[in-house]
Amino acid sequence: MQNSKPSRLALKRISLGLEQKQIASLLGQKTIYQYNRLENGQRVASLKDAVKLSLIFRLPIFTLFDSHFQKYEGELRKQLKTSSSSDRIKLENVEYCAFLEMMNSKYIGMENADKIRHHIKVLVEERSKKILDR
């Protein structure tokens, strides 16, 4: 089923000035057909392709494929209602943050410390803009 609005994959690819052919090539595909179907929601990415796309676009997999995550989370919630595992498995809206993971590691390193500082600065600036625009 084709979506009427551009997918997050398409938007990110376009924002980087890349063509489908370039991304398809990076994924090891000889034509754009398979990648085009990914962008249009007609195909689900393999784990290998999802990881590669996450690396190419510098976004977490759940962000690139948010509609799939929502769909599968809904399915899982329904299954958990009748499962004996429901008391041990809690589906919470946990978002992955690479910067938080860096901060929690034993050794951060100067390069990562600079990335973390920059990330925090951007977050504070964006939040300040939202507060001031109210």
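The values are calculated or read from the model by the stated rules, or taken from the named source; none is laboratory data. Being a predicted model, the structure only gives us computed values, none of them experimental. Cβ coordinates were reconstructed from backbone atoms using ideal geometry, including for glycine residues, and neighbour counts include every protein chain displayed.
From the list Ser7, Ser54, which one is in contact with a Gly (Cβ under 8 Å, 6 or more places away or on another chain) and at pLDDT below 95?
Ser7
Looking only at residues that are among the hydrophobic types (A, V, I, L, M, F, W, C) and part of a helix (DSSP H, G or I) in the range 11-26, which one is nearest to the chain's Cα centre (by Cα)?
In this case the residue turns out to be Leu11.
Can you pull out every residue in the range 27-62 that is part of a helix (DSSP H, G or I) and loosely packed, with under 15 Cβ neighbours inside 10 Å?
So the first thing to find is which residues in the range 27-62 are part of a helix (DSSP H, G or I), and the list is 33-39, 47-57, 61-62.
Those that are part of a helix (DSSP H, G or I) and loosely packed, with under 15 Cβ neighbours inside 10 Å: Tyr33, Arg37, Leu47, Lys48, Val51, Leu55.
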